[in-house]
1. Considering only the stretch 201-234, state which residues are under 20 Å from Glu185 (Cβ atoms) and among the polar types (S, T, N, Q).
2. What pairs come up if the first residue lies in the stretch 148-162 and is closer than 13 Å to Thr59 by Cβ, the second is hydroxyl-bearing (Ser, Thr, Tyr), and their beta carbons are under 7 Å apart, counting only those six or more places apart or on different chains?
3. Taking Ala197 and the conditions (1) open to solvent by less than 60 Å² (accessible area, probe 1.4 Å); (2) in contact with a strand residue (DSSP E or B) (Cβ under 7 Å, 6 or more places away or on another chain); (3) at pLDDT below 95, which numbered condition does it fall short on, given that it satisfies the others?
4. Please enumerate the residues belonging to the stretch 261-270 that are more than 22 Å from Arg244 (Cα to Cα) and loosely packed, with under 14 Cβ neighbours inside 10 Å.
5. Checking Leu174 against (1) without any contact (Cβ under 8 Å) to a residue 60 or more places away in the chain; (2) in contact with a Gly (Cβ under 6 Å, 6 or more places away or on another chain): exactly one of these is not met. Which one?
6. Within the stretch 61-73, is even one residue among the charged types (D, E, K, R), more than 24 Å from the chain's Cα centre (by Cα) and over 27 Å from Thr210 (Cβ atoms)?
7. Quick one: how many residues across the stretch 244-258 are buried (at least 17 other Cβ atoms within 10 Å of the Cβ) and under 21 Å from the mean Cα position of the chain (by Cα)?
8. Test of understanding: among Tyr178, Tyr125, which residue is more than 30 Å from Met26 (Cβ to Cβ), in contact with a helix residue (DSSP H, G or I) (Cβ under 8 Å, 6 or more places away or on another chain), crowded, with 16+ Cβ neighbours inside 10 Å and not β-branched (Val, Ile, Thr)?
Amino acid sequence: MYFFRDRFKNTQNSDATIGLDIGSSMIKWVSLGHNNELKQYAIRAIPTPIASSQIKDVTQIATTLKETLLEQDHIKNCVVNIPDILACTKWVQINHTDCQRIEETIESLVEKFIPYPLGKLYFDYQIFKPLSESQEKSEVLIVACHKKHLDFRLDIIKQANLIPLAVEVSSFALERAYSFFYPDETNENPILLDIGASQITLLFFNGVQTTVYCENLINILEQESILLQIKRSIKKFVLAYPYRILKKLFLIGVNNSQLIYLLNKLDGFLEIKVQTLKYTNKINYSSELNTSKFKQSFLNLFLSYGLALK
């Protein structure tokens, strides 16, 4: 997904590319080399955390990003995330004849499904070929977001002197990282729960098409409130898909005490086995990196890793 063709030209080049996660309270990025070797990474707190009620300080956040890039002159490009809560994703089926005039078809569908004028949106699409030639329709994924949300991130990138090659919805990057590191687990219909500073994202894998639930945290300071919100989201999925058997839930988050609390309180809920996502030995390291330090930061960088793998 690129869905910002009105703002920047997508020009691939040989410079290093980072997977850049601009979160509500932290900047995180990962740089991969040949054969997905981990070359560099960075985690830095944003001085004034981003909140919907605050004025977003682009210059301050760009300065923080630039500080993480000191002595990294070879890094010029990035793949950046946009949170699911700020994007609208829609799967549709399109006849092969409509695919021949896909731009017009997508524009019509965006107008139909998204209650905003087209002039205020960035949107893009991806066509997935049918499994067999006998199928008359193709699956198409449409992604759209309000321009102000994406412009905010792209302005940060521009001020940090980086070139954005692609923008990706956060859950897509989480799914890619999970499928890359734990390919055998995806066949067991697990749940991946990412607990951010202000949002929760639940990925329900089923081997075909992952279902995503994303919500703003109602009360970020109360662990019990977060627990109840997570339980409600899982129950909502169970009611919507009663035939799905849920056995495992893996936790990702930046707050270790919060993860321990949720691990103890969630384990056994609806007979689901809950555990923190474990570090994987599948990572190839550059000889210059401190591997023990990275292992402690693995869960913090999971989304960034997924972006870098794109």
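1. Across the stretch 201-234, the qualifying residues are Thr201, Asn206, Gln209, Thr210, Thr211.
2. If the second residue must be hydroxyl-bearing (Ser, Thr, Tyr), the pairs left are Gln159/Thr59.
3. (2)
4. Matches in the stretch 261-270: Asn264 only.
5. (1)
6. yes
7. So the count comes out to 6.
8. After applying the criteria, what remains is Tyr125.
The values are calculated or read from the model by the stated rules, or taken from the named source; none is laboratory data. These figures come from a predicted structure and were not determined experimentally. No Cβ is skipped: glycine too gets one built from the backbone with ideal geometry, and neighbour counts run over all protein chains shown. Surface accessibility is based on the protein's heavy atoms, side chains included, excluding ligands, DNA and RNA. Shrake-Rupley method; radii C 1.70, N 1.55, O 1.52, S 1.80 Å.
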